[in-house]
Every structure is written in C-alpha cells, then in structure tokens.
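Novice: Right, I'll just put the structure down here and ask away after.
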Amino acid sequence: MANNPLNSIIRVTDDQVVHENKDFGFTIHSCKIEDPSVQLLITNGLRNHKQEVNKENEKYQHIELYVCLPDYWNLSKHPWPLHWLNRIAQVPQKNNTWFGAGDTIPAGNPPSEVSPKFSANHFILSPPIFLSELLSGPSWKNADFQLLSVIPIYQKELDFKLKNSHTMLFNKFDLYRISEKIDTYRNSACPSVFKRLLKPRR
C-alpha cells in the first residue's frame, strides 16, 4: 500500500492497483478508507506532473483525482467509473492543459450517457464534498497535492454551469444534497420546468 497517495494522511485498507497507465505515468488504486460506506478509485502519479496553472489556482499545481463509489459497487459488473477516471486523468498531459475545481469534461465526443442506467453525459471536478471532513482536515495541511473528485453530471447541470458558474452549480448540489458519492438514481440539481415544484431533499 506504500504507493497510495492517501497513505500518509488517512488510514487506507484493502488497497490494490486496478489499472496502470504507462503512457501517462499513473496508476489507479481501488481502496477502502475510514468511512465504511464508500470505496474509492484514486489516481497515483498525477501529482508528479506539475500543472501550468494561473496565479489564482496555484494550489492545483499538483493534483490527484478520485471517484467515490458506494461500498457495494461491483467494478467487474459496472466498470465505467474506472474507464472514465483513466480517460480523464490523461487529459492535462495529453492536451497540454490543467485541471482545477469546476472544470467539466464530456463523456466522449459527442457526449453520451456514461451507462444505460445513468444518463449523465459529462463530469465536473470538485473538491471533496461528502468526504470533506476526512479529506481536507488538519492532517492535510502538509500535503503537497490537492484532491479533486470526479462527479458525473447531467446535460441540464452542465448547461446551468455554463450559463451561470460552477460555484452556483455547487450551491445547487448543496441544496439537493448531491456530492461526489456516485448515485445513479439521483435527480438533477437543475430540474425541468415541470419538476420545479418538487422540494429539495433536506
């Protein structure tokens, strides 16, 4: 477990490498952490590549990405989170760009649904939400990289973000209790006109 980027910060269990991307110098680990309700897919090695960020985003010079899955998720039956984490993690080096909070990535070109049972067709990068206390507490003050979660989003959510801002979309996530923990049954944070009378989950 020595190579998992979380090892020096929180307790990691059941850690294994599930994918190696030799072209871009990173691996993906599947692991369990202190919160027993989830399992994580997390990159290891992205932080070795210094991102050429602007001054306002200097803290994202070194990052790792993760996907937060329910503890019962079976990757052998539903492998799309691993597939997309691998593809997304290549983008900064492949396209000579950088990632920060609020950046969105399409699920293919043209974008398509990530799964027959989940119509999200884009992803947004976010600081920890569900795991914010665990993954951004005092133990992280000496960490030399930032963690960004990969959250699948619907087309209407992408449209709202582009029209307004990622901050306003994250506010909607908070209102509807949407986080990085993947829920393939969740409703959109930007419901259609006919669903706006529905109350946010509180």
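Novice: Within the range 10-33, track down each residue that is aliphatic (A, V, I, L, M) and surrounded by 17 or more Cβ atoms within 10 Å (Cβ to Cβ).
Specialist: Across the range 10-33, the qualifying residues are Val12, Ile28, Ile33.
Novice: Can you name every residue in the range 51-63 that is in a loop (DSSP other than H, G, I, E, B), exposed (fewer than 11 other Cβ atoms within 10 Å of the Cβ) and free of Cβ contacts under 8 Å to residues at least 40 places away in the same chain?
Specialist: Within the range 51-63, just Asn54 meets the criteria.
Novice: Could you grab me the full set of residues in the range 71-92 that are of a type in the set (Phe, Trp, Tyr) and more than 15 Å from the chain's Cα centre (by Cα)?
Specialist: Matches in the range 71-92: Tyr72, Trp73.
Novice: Now for a separate question. Scan the range 105-160 residue by residue and report those that are closer than 30 Å to Ser8 by Cβ, among the hydroxyl-bearing types (Ser, Thr, Tyr) and out of contact with any Asp or Glu (no Cβ under 8 Å at 6 or more places or on another chain).
Specialist: Residues satisfying the conditions are Ser132, Ser136, Ser139.
Novice: Here is a further query. Which of the residues spanning the range 155-180 are charged (D, E, K, R) and over 18 Å from Ile105 (Cα atoms)?
Specialist: Lys172, Asp174, Arg177
Novice: Return the residues of the range 64-88 that are touching a residue at least 40 places away in the same chain (Cβ under 8 Å), surrounded by fewer than 17 Cβ atoms within 10 Å (Cβ to Cβ) and not in a strand (DSSP E or B); say none if nothing qualifies.
Specialist: Leu75
Novice: Need pairs with beta-carbon distance below 9 Å; first residue free of Cβ contacts under 8 Å to residues at least 60 places away in the same chain and within the range 121-144, second in a strand (DSSP E or B) and of a type in the set (Lys, Arg); sequence gap 6+ or separate chains.
Specialist: From the range 121-144, the pairs are Ile129/Lys181.
Novice: May I ask you to say which residue of Ile28, Ile88 is in contact with a helix residue (DSSP H, G or I) (Cβ under 8 Å, 6 or more places away or on another chain) and of a type in the set (A, V, I, L, M)?
Specialist: Only one candidate qualifies: Ile28.
Novice: Same structure again: Can you confirm whether Glu64 is over 16 Å from the mean Cα position of the chain (by Cα), acidic (Asp, Glu) and either modelled with pLDDT of 95 or more or farther than 15 Å from Gln90 by Cα (or both)?
Specialist: Taking the combined requirement at face value, the residue does not satisfy it.
Novice: What is the residue count in the range 34-50 for residues that are loosely packed, with under 15 Cβ neighbours inside 10 Å, touching a residue at least 24 places away in the same chain (Cβ under 8 Å) and either touching a Lys or Arg at 6+ places or on another chain (Cβ under 7 Å) or of a type in the set (Lys, Arg) (or both)?
Specialist: The qualifying residues number 1.
The values are calculated or read from the model by the stated rules, or taken from the named source; none is laboratory data. If you're wondering where the values come from, they're calculated on a predicted model, not measured in any experiment. Cβ atoms come from the backbone with ideal geometry, glycine included; neighbour counts cover every protein chain shown.
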